[in-house]
Amino acid sequence: MDLVIKGGTVAIDGGPIMTDVGVADGRIVQLGGVMSADVEIDARDKFVLPGGIDPHVHLTPPVTGPGVDSWADDFEVGTRAALAGGVTTVGNMSFARKGEQMIAGMERDMADAAANSIADYFQHPVLLNPDKTGIDQIAELTAMGHPSVKIFLSFRRFDRDVSGFLRAMSQAADVGSVVLLHCEDAAIMGCCADRLQDQGLTEHRHYPETRPVEAERIATERAVGYCETTGAASYIVHLSSQAALQACRTARARGLPLYVETRPIYLHLERSRFDEPDGAKYTGAPPLRDDADRDALWAGIADGTVSTVATDHAPWTLEQKLDSTLGPHQLRQGMAELETIMPMLWSLGVATGRMSLGRFVEMTSSNAAKLFGMYPQKGCIAPGSDADLVIWDPTESRIIDGATMHSKAGYSPYDGWEVTGWPTHTISRGEIVAEGSLVIGQPGRGLAVPRQPFDRP
Ligand SMILES: [Zn+2]
């Protein structure tokens with residue numbers, strides 16, 4: 001063996017067991033029995049969890065050029081934050097640039113990740129133009145090992161060519177590509193922004209009014225209809241409201257292949273944050289919702305309606321977030337969450353009894369592995385799987401301070417929160433890549449995860 005983890009409570013499929021985990025050549029080779037290795041980790045009083053999989057991050061800029069600003073974190077910085085928080089695989093959104101096709105954009109972003117990523121990675125191409133080339137490339141990308149595609153209902157161009165996007169979803173259904181859908185209605189948001197402007201309401205605190213629940217609900221209901229029409233596996237990203245969740249719950253009860261992702265901010269924060277003087281630092285799309293929405297999402301996790309929690313990690317500095325030249329509908333969206341997603345969910349979910357250990361593993365790892373074609377190589381502690389493991393100390397408490405964390409955002413939306421449950425070691429393919437928050441893995445060590453077309457879990 002290269003590595004043995006001794007005496008931990010190991011989260012295998014079917015429930016936790018107290019056993020030893022043996023690792024050789026980057027894979028798990030043995031659970032229990034007599035083992036020895038040069039490197040041994042004492043995991044008594046700790047949990048051994050499958051490495052986190054965050055299927056929704058932004059570590060490549062959608063546009064570049066002079067005067068264009070972009071997210072603070074790239075593959076190196078973002079995956080350093082990820083590993084410090086127990087996330088060993090990230091799924092990045094790959095945007096083609098002006099004049100570029102999806103495949104060319106994907107090749108550029110895969111080269112970027114290969115050179116710079118510390119964690120393992122996969123990428124979702126974003127379909128901006130559903131012309132014949134775009135639709136053909138969904139099949140080509142699936143054959144190349146990228147069986148997923150992202151569509152934004154929130155972009156005005158969606159409504160200019162709904163038929164084209166439905167042809168794209170039909171193609172995705174035919175080839176086994178999962179369609180990720182950003183569900184907010186562009187026309188409703190445009191109407192709301194215009195109204196605020198007419199009324200002279202320019203303060204940042206009006207941001208939630210620019211993207212109301214109604215915009216999310218109607219777009220989610222359309223997505224349900226498109227899922228039913230085309231048969232495409234449909235993955236609703238960053239769902240934030242009770243009304244949209246209910247549309248998904250009914251769709252799932254009818255047997256549709258529809259899956260729901262939510263995001264930490266919707267589980268931990270609520271709309272009143274925007275009334276704080278620096279409330280714009282909480283800007284995400286959709287916006288923070290009400291207490292009832294937050295409670296509904298926790299209930300959705302408990303009853304299985306929600307399949308994954310993902311960060312949508314796309315951080316900006318505080319200065320960029322609080323830019324006073326921007327109106328409420330122009331604020332920069334996105335926050336740093338890769339380092340805190342698992343500890344926050346543990347602290348507010350597992351430690352409070354709201355969520356079982358098994359559910360935590362599903363939400364942070366195994367469900368994403370299954371939906372995106374990586375299971376059981378990823379998302380599972382079993383002989384043959386990659387040795388992506390987190391040694392988890394359920395008793396360690398830290399006060400969140402974004403200024404000392406890895407993201408270049410320089411702040412966390414949870415600054416000052418006391419959070420209990422942190423990784424002591426993060427292991428990627430058998431290599432100890434982080435000890436506590438100290439990341440020792442090197443940029444370029446991350447590998448692309450081979451992916452299979454969608455196979456309904
Ligand atoms: Zn996103």
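Brief remarks on what is shown
- For the stretch 106-158, the set of residues classified as polar (S, T, N, Q), in a helix (DSSP H, G or I) and touching a Gly at 6+ places or on another chain (Cβ under 9 Å) consists of N116, T142, listed by residue number.
- A residue that is on the phi > 0 side of the Ramachandran plot, in a loop (DSSP other than H, G, I, E, B), out of contact with any helix residue (DSSP H, G or I) (no Cβ under 9 Å at 6 or more places or on another chain) and more than 16 Å from the ligand (Cβ to nearest atom) occurs somewhere in the stretch 188-209.
- Residue within the stretch 443-454 that is part of a loop (DSSP other than H, G, I, E, B), aromatic (F, W, Y) and either in contact with a strand residue (DSSP E or B) (Cβ under 6 Å, 6 or more places away or on another chain) or assigned by TED's automatic domain parsing to the domain that holds I138 (or both) present: yes
- Residue that is within 16 Å of the ligand (Cβ to nearest atom) and assigned by TED's automatic domain parsing to the domain that holds E209, where the choices are L318, L338, L348, L322: L338
- In the stretch 398-422, the residue that is farthest from E276 (Cα to Cα) out of those that are in contact (Cβ under 8 Å) with a residue 24 or more places away in the chain and hydroxyl-bearing (S, T, Y) is T420.
- Residue match in the stretch 158-177 (condition: in contact with a strand residue (DSSP E or B) (Cβ under 7 Å, 6 or more places away or on another chain), open to solvent by 10 Å² or more (accessible area, probe 1.4 Å) and in contact (Cβ under 8 Å) with a residue 40 or more places away in the chain): no
- Filter result for T305 (part of a loop (DSSP other than H, G, I, E, B), open to solvent by less than 20 Å² (accessible area, probe 1.4 Å) and more than 14 Å from G86 (Cβ to Cβ)): yes
- Single unsatisfied condition, A113 versus (1) open to solvent by 10 Å² or more (accessible area, probe 1.4 Å); (2) away from the ligand (no atom under 16 Å from the Cβ): (1)
- The selection criterion, being closer than 26 Å to T305 by Cα, at pLDDT 95 or above and surrounded by fewer than 22 Cβ atoms within 10 Å (Cβ to Cβ), holds for L357.
- Count - residues of the stretch 35-78 that are closer than 23 Å to H182 by Cβ and open to solvent by less than 10 Å² (accessible area, probe 1.4 Å): 11
- Count of the stretch 171-187 residues which are assigned to a loop (DSSP other than H, G, I, E, B), more than 16 Å from the ligand (Cβ to nearest atom) and either more than 30 Å from R451 (Cβ to Cβ) or among the acidic types (D, E) (or both): 1
- The number of residues in the stretch 308-338 being assigned to a loop (DSSP other than H, G, I, E, B) and out of contact with any Ser or Thr (no Cβ under 7 Å at 6 or more places or on another chain) comes to 13.
- Residue in the stretch 416-427 that is closer than 16 Å to D120 by Cβ and at pLDDT 95 or above present: yes
The values are calculated or read from the model by the stated rules, or taken from the named source; none is laboratory data. Quick caveat: nothing in here was measured; it's all calculated off a predicted structure. Cβ: placed from backbone, ideal geometry, glycine included. Neighbour counts: every protein chain shown. Note: areas computed on protein heavy atoms with side chains; ligands, DNA, RNA excluded. Shrake-Rupley method; radii C 1.70, N 1.55, O 1.52, S 1.80 Å.
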